[in-house]
Structure formats: structure tokens, C-alpha cells
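Enquirer: Here it is: the structure, laid out below.
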Amino acid sequence: MPDPNELLEDEEFIRIQKLNSIGANEKRRSIVYDKPVPGLDLEDTIEPDSSTEEQVQFTEDITNILSNHEEKDKDAVHDEVLKRYLKKLNKTEKSRYKKGRTSGISFFADVGFDSRPTIFDSVLVNPFITSFQGPVVEKQMKDMDKMNKDKPASEKNPVTDFNPKEKLNSDFSGIYVIMWMTFGWTAMRGIVDYLVLHKGDITNIAVINVMTEKLSLVFYIDMAMWFTSYFAVLIQKLVRWNIIPWESTGRLITIVYEFVFFFFYHFLVIHYYKLNWISRIFFFLHSMVYMMKMHSFAFYNGYLWNITEELKFSKAGLAKYKEVSPPDVIATLERSQTFCEYELSTQSASVKFPDNITVGNYTMFCLFPTLVYQIEYPRNKSIRWGYVFEKFCAIVGTLCLMIVTAQLYLYPYVKRIMELTKEPWPDMWTSTIQWFYLLVDLLPGFAVIFMLTFYFIWDALLNCVAELTRFSDRYFYGDWWNCVTFAEWSRIWNVPVHKFLLRHVFHSSMNHFKISSAAATWITFGLSSMLHEMSMYIIFLKFRPYMFLFQMTQIPTAYFSERPPFKNNESLCNVLFIFAIFFGTTTLMCLYLVY
């Protein structure tokens with residue numbers, strides 16, 4: 001007959017007991033977002049967490065108790081010891097549960113995918129293309145006039161009939177068209193002036209020359225980055241073939257490789273090939289994309305490897321000890337088995353883990369406009385080629401506008417700044433006046449580039465890629481222009497990156513280091529700020545912590561926005577936010593250029 005005391009010394013059982021310890025109205029957390037885990041409605045009273053040292057000490061106490069009793073007493077003592085042991089384990093960790101909830105939630109929280117359009121498509125573009133009917137306010141006004149005419153004269157009152165809260169619903173698609181036409185006409189005027197000034201010579205357009213410099217080399221290096229990112233698939237294959245374990249070896253190799261991947265390619269483009277700043281920032285952004293995709297693919301599957309191993313242990317433990325172990329031990333193993341089977345079965349309806357670990361699956365993940373991996377995503381049934389053409393035209397047109405804006409409204413002032421920095425500046429007062437004059441010169445151009453870059457990447461480019469891959473979740477950005485705090489901005493300005501940071505930095509650091517949400521917030525902001533600062537180094541090849549400090553001020557700014565005179569004054573906060581976005585960005589660029 002198997003000895004139930006073996007479980008007391010089994011590290012895997014201790015780990016499973018910790019993960020499956022639950023409290024009143026709590027459930028173990030699933031990687032699947034907001035889906036219940038059946039069979040886990042146990043109601044145990046959980047005390048606050050205890051330290052690992054206390055757990056080790058208690059295990060030693062158990063060993064001493066058992067060793068000091070005669071053989072005939074050990075069975076009697078075992079029940080009491082095991083109860084104390086399980087109670088102590090229940091204190092250590094409840095990472096698979098969240099208090100007060102009656103359904104399982106994701107370890108990575110709030111990272112879900114659904115079929116939904118972007119804001120511009122749902123509100124402006126598609127209604128204009130498919131259902132635009134001309135002016136609608138006029139029709140509403142006529143309906144209101146007709147209602148007033150039908151009223152008896154005795155019921156009419158020009159004072160009380162007026163309702164300032166009554167809304168007129170209009171379609172702003174025409175404003176959208178006017179905006180782009182205004183951009184186009186402004187760019188056309190700038191192009192004509194340039195051609196007249198340079199007598200039709202377009203060979204010396206500085207921005208285009210920089211963008212196309214060593215273009216073939218840029219392409220080959222980028223392809224090399226893509227192919228070497230498949231190392232993440234190789235590691236998962238080795239784990240599947242039982243050549244290496246994920247928890248001890250695969251995880252470490254993956255983390256080390258990510259750092260090597262990042263620094264190797266940046267050494268290549270900066271110090272070896274000495275590419276220009278546009279190529280350098282392109283590689284920085286693209287290498288970050290590949291790194292995040294590798295990390296998400298590896299650690300998602302790594303989590304499921306841990307679940308698979310736990311399921312094997314739980315099944316084996318139940319088969320071996322079910323007839324001899326106390327109910328608490330059996331309950332732990334049964335909870336573990338229930339959760340693990342549920343977790344593995346709900347990841348995908350068509351592909352079961354680990355059958356998703358293939359080159360083809362990772363390739364599709366690389367093509368999808370998302371940085372968070374899961375086995376399958378919501379997909380469209382077909383590709384709308386007319387929509388692809390529309391977004392392709394938007395990509396080309398926006399890129400042309402960005403080139404014209406940079407050439408006419410940024411390049412001359414940047415060139416003048418670079419010339420000024422070569423000579424010693426005069427006294428402090430004159431230097432300060434000159435610096436603010438340069439700042440005002442750069443502000444309009446940077447504001448336009450900022451808006452065009454947003455539209456180019458998050459609406460035109462990502463939507464085009466999503467349509468080509470039939471990826472139906474188009475929530476790439478929220479209405480950040482209505483933000484009143486930088487905390488809101490950080491969540492909805494760049495949704496794909498926000499989802500990655502939420503899953504793999506914020507919640508991961510809370511789970512791994514057992515820290516509070518406030519500490520995890522500082523870690524997440526700190527990492528994001530360091531990466532933004534690194535992008536500035538990539539562009540200017542000099543370290544100045546302006547961007548880092550600007551990013552980190554978002555946390556105290558969010559705090560003060562909840563205090564008078566800003567609290568409950570959303571309009572003022574939005575004006576200050578928009579001002580900070582455009583003026584702050586331009587100020588940072590001017591600081592990096594001058595100092």
C-alpha cells in the first residue's frame with residue numbers, strides 16, 4: 001500500500017497545493033479570460049499569506065513530529081499533521097484565485113480578442129462609403145418644425161418649448177473628407193513651391209534620400225531578424241520532444257536569446273553598418289515587435305507546459321493515493337486535475353495544445369497585427385479586396401504627406417538647429433530666446449507628423465495587414481483624443497503594446513514577484529520609459545534622460561488630475577492633456593537636438 005506521507009516530501013505536490021488553495025467565493029484563475037472553471041465551488045477559510053521560510057520550518061516540524069512517534073502512532077498522528085500542513089500551505093499563495101469573484105479569470109487579465117472595427121471605420125469611413133445620405137440635421141429641423149406647426153396655438157410657448165439639452169445627431173463624414181482634402185491641398189502647395197524653387201529637380205529631396213539609403217541592406221537585415229525569431233519555435237519543439245524542460249532550461253534560454261537578439265541587431269545597424277537614423281529607428285521598432293512576439297509565444301506555451309506537467313502529477317497522485325490519503329489531500333489533487341483539464345481544453349476549439357507549436361502557427365502569429373499570442377483568434381470569412389485597396393491608398397497617401405511635411409516644415413529648421421549647435425551660443429538670455437524660437441518653428445510640423453504617424457500606423461497599416469490576414473479584432477486604438485489623464489492615454493493610445501505590457505509585465509510581475517498592483521505599475525511604467533528613452537538614443541546616438549523623465553511624470557500627473565482644481569473638470573484636463581502631447585513631444589525633440 002502506498003505511503004501517504006510521501007506527499008509531504010513531494011515538491012510538486014507542495015507547488016500544486018499552493019496553486020490550488022482557495023478561499024470563500026474564490027476560484028482558480030484561468031488563462032482564458034472571464035470563463036468559469038466548473039467544479040471549483042469549495043468554500044475554505046483562508047488566512048493571510050505566510051512566508052516561504054515559515055512553510056519550510058513547518059515542514060521540518062512535521063518531520064520531527066513523525067520521527068518522534070512510534071510506528072503504531074504514526075497513522076493517528078498523520079491526520080492531524082496533514083491538516084496543519086495543508087492549513088499552512090493554504091496561507092502561502094492564492095495566485096489562481098481572486099477574492100470576491102465567482103468565475104475564473106485570466107492570469108493576464110483583460111487581454112481578450114473579439115470581432116470589432118476601428119473607431120474611424122465604424123464612425124466615419126464605413127458609414128460614408130456604405131450609408132451616407134447627405135445632410136441629416138436639416139431633416140431633423142424640418143421634423144421639429146412640422147411638430148411645432150401641428151401643435152395648437154394655445155399649447156405653443158416659445159420659451160418653454162426651447163430645450164437646450166435636445167441633441168441634433170449629425171454625421172461628420174464630410175468633416176473627415178474636408179480634413180484630408182485640406183492636408184492634400186497644403187501638401188500640393190508645398191510641392192509646387194519646392195519644384196519652382198529647385199527648378200523641377202527632385203533628386204535632392206533630403207527626406208527621401210535618407211529613407212532610401214541602403215534600402216536593400218535594410219530589407220535583408222529585416223528578413224534575418226524575422227527568420228532568427230523562429231528560435232522561439234525551436235525551443236518549444238525541444239520541450240515537446242522532452243529534450244529540455246521548460247521551467248528550468250527553456251525559460252532561461254529564451255530570456256537570454258531575447259537579449260542577445262535585441263543587442264546583436266542594434267550593434268549591427270549602429271556600429272557595423274552605420275545606418276542612418278530612419279533605418280535605425282525602424283529596426284528598433286521592428287526588433288521590439290519580434291521580441292514581444294517571441295516572448296509571448298514562448299511564455300504562453302511555457303505556461304501550458306506547466307499545466308500539462310501538473311495534470312500528469314495530479315492524475316498519478318490520485319491513482320496512487322486515492323484510497324489512503326485524507327480528504328484534504330484528495331481535494332487538492334482533484335481541484336488541480338479539474339482546473340488543468342479545463343485550462344487545456346478551452347485554449348482552442350480546433351487546435352489542441354501542443355499541436356499549435358508549429359512553424360506555420362508561429363508564422364501566422366508574426367503576420368497578425370497583435371503582440372499577444374494565443375492559439376486562435378477571431379477571423380473574418382474572406383478578404384475584402386476593396387477595403388485592402390482603400391487602406392493601401394491611405395498608406396501611400398499618408399506616407400507622401402509625411403514626407404512633404406518633414407521636408408518642408410521640419411528639415412529646414414532641424415538643419416538650422418544643427419548649424420547653430422556647431423557654434424558657441426551667446427549669453428544665457430539670448431540662447432534661451434533662440435531655443436524657444438526654434439521650438440515654435442518646430443511645433444506645427446511635429447504636430448502634423450504626430451497625427452499622420454498615428455493614422456499611418458494604427459489605422460491604415462494595421463487595418464490593411466489585418467484585412468489581408470482576416471484578423472477581425474481591429475481594436476488597435478481607443479479615442480485617446482478625449483483623454484483627461486496620461487493613465488488613460490497609456491491604455492488606449494497603443495492597444496497592442498498595452499495588451500502585451502498588461503499580460504507579460506504587469507500581471508506577470510505581480511504573479512512572479514508577489515508584489516502589489518502599485519509596485520507592478522511602477523515596474524511597467526519604468527520598463528516602458530526605458531524603452532522610449534532607448535528609442536531616443538537610437539535616433540540621436542546620445543544619452544539624455546529627457547524622455548525617461550517625461551514618461552515617468554505620467555504617474556504623478558495622473559495622481560494630481562484627481563485633485564482640485566482638475567478633479568471633475570474634464571474639459572480643462574483634456575485641454576492640458578492635448579497641449580502636453582503636442583508641446584511636450586516637440587520640446588523633447590528640441591532638447592535632444594540642441595543639448
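Enquirer: In the stretch 493-514, what residues are closer than 17 Å to PHE368 by Cβ and of a type outside the set (Phe, Trp, Tyr)?
Expert: Correct list: ASN494, VAL495, PRO496, VAL497, HIS498, LYS499, ARG503, HIS504.
Enquirer: Now, a different point. Of the conditions (1) surrounded by fewer than 19 Cβ atoms within 10 Å (Cβ to Cβ); (2) in a helix (DSSP H, G or I); (3) of a type outside the set (Asp, Glu), HIS507 satisfies every one except a single condition; which number is it?
Expert: (1)
Enquirer: Kindly indicate whether any position in the stretch 515-535 is assigned to a helix (DSSP H, G or I), farther than 27 Å from SER431 by Cα and touching a His at 6+ places or on another chain (Cβ under 8 Å).
Expert: Within the stretch 515-535 (the criterion being assigned to a helix (DSSP H, G or I), farther than 27 Å from SER431 by Cα and touching a His at 6+ places or on another chain (Cβ under 8 Å)), the answer is yes, since at least one residue qualifies.
Enquirer: Filter the stretch 400-429 for residues that are modelled with pLDDT under 85 and either among the hydrophobic types (A, V, I, L, M, F, W, C) or closer than 18 Å to TRP180 by Cα (or both) and give the result.
Expert: ILE417, MET418, LEU420, TRP425, MET428, TRP429, listed by residue number.
Enquirer: Please go through the stretch 469-484 and give me each residue that is within 26 Å of PHE525 (Cβ to Cβ), open to solvent by 20 Å² or more (accessible area, probe 1.4 Å) and of a type outside the set (A, V, I, L, M, F, W, C), ordered by number. Don't jump to the end; show me each part of the working.
Expert: First, pick out the residues of the stretch 469-484 that are within 26 Å of PHE525 (Cβ to Cβ): 473, 475-484.
Add one more test, that the residue is open to solvent by 20 Å² or more (accessible area, probe 1.4 Å), and what stays is 475, 479, 481-482, 484.
Of everything in the stretch 469-484, those that are within 26 Å of PHE525 (Cβ to Cβ), open to solvent by 20 Å² or more (accessible area, probe 1.4 Å) and of a type outside the set (A, V, I, L, M, F, W, C) turn out to be TYR475, ASP479, ASN482.
Enquirer: What do you reckon, is ILE208 within 30 Å of ASN356 (Cα to Cα) and part of a helix (DSSP H, G or I)?
Expert: Working: within 30 Å of ASN356 (Cα to Cα): no; part of a helix (DSSP H, G or I): yes.
No.
Enquirer: How do the pairs read when you match residues in the stretch 179-191 that are closer than 17 Å to ASP201 by Cα and among the β-branched types (Val, Ile, Thr) with residues anywhere that are assigned to a helix (DSSP H, G or I) and open to solvent by less than 80 Å² (accessible area, probe 1.4 Å), using Cβ under 7 Å and keeping only pairs 6 or more apart or on different chains?
Expert: Partner pairs satisfying both residue conditions: ILE191/VAL404.
Enquirer: What's the total number of residues in the stretch 230-256 that are part of a helix (DSSP H, G or I) and either closer than 16 Å to HIS504 by Cβ or in contact (Cβ under 8 Å) with a residue 40 or more places away in the chain (or both)?
Expert: Applying the first criterion (part of a helix (DSSP H, G or I)) to the stretch 230-256 yields 231-240, 246-256.
Filter once more, keeping what is either closer than 16 Å to HIS504 by Cβ or in contact (Cβ under 8 Å) with a residue 40 or more places away in the chain (or both): 231-233, 235-237, 239-240, 246-247, 250-251, 254-255.
Number satisfying all stated conditions: 14.
Enquirer: From PHE454, PHE513, PHE450, PHE500, grab the single residue that is surrounded by 20 or more Cβ atoms within 10 Å (Cβ to Cβ) and at pLDDT below 95.
Expert: Numbers: PHE454 fails: surrounded by 20 or more Cβ atoms within 10 Å (Cβ to Cβ); PHE513 fails: surrounded by 20 or more Cβ atoms within 10 Å (Cβ to Cβ); PHE450 fails: surrounded by 20 or more Cβ atoms within 10 Å (Cβ to Cβ).
Unique residue meeting the criteria: PHE500.
Enquirer: So, one more: Before we move on, is LYS415 among the basic types (Lys, Arg), surrounded by 18 or more Cβ atoms within 10 Å (Cβ to Cβ) and part of a helix (DSSP H, G or I)?
Expert: No, not satisfied.
Enquirer: Then there's this: Given the criteria open to solvent by 20 Å² or more (accessible area, probe 1.4 Å) and closer than 30 Å to ILE375 by Cβ, does TYR272 qualify?
Expert: So TYR272 does not fit the description; no.
Enquirer: With at pLDDT below 95, open to solvent by less than 20 Å² (accessible area, probe 1.4 Å) and either basic (Lys, Arg) or closer than 24 Å to PHE365 by Cβ (or both) as the only criterion, which of PHE297, PHE262 stands out?
Expert: On inspection, the qualifying residue turns out to be PHE262.
Enquirer: Here is a further query. Collect the residues in the stretch 111-122 that are in contact (Cβ under 8 Å) with a residue 24 or more places away in the chain and open to solvent by 50 Å² or more (accessible area, probe 1.4 Å), keeping them in residue-number order.
Expert: Correct list: ASP114, SER115, ARG116, PRO117.
Enquirer: Okay, moving on. Considering only the stretch 320-367, state which residues are under 21 Å from LYS237 (Cα atoms), open to solvent by 30 Å² or more (accessible area, probe 1.4 Å) and not in a loop (DSSP other than H, G, I, E, B).
Expert: LEU344, SER345, VAL359, GLY360, ASN361, THR363, MET364, LEU367
The values are calculated or read from the model by the stated rules, or taken from the named source; none is laboratory data. Quantities reported herein were computed from a predicted structural model and do not represent experimental measurements. Note: ideal-geometry Cβ built from the backbone for every residue, glycine included; neighbour counts use all protein chains shown. The protein model used for the area step is the full one, side chains on, heavy atoms only, and it has no ligands, DNA or RNA in it. Shrake-Rupley method; radii C 1.70, N 1.55, O 1.52, S 1.80 Å.
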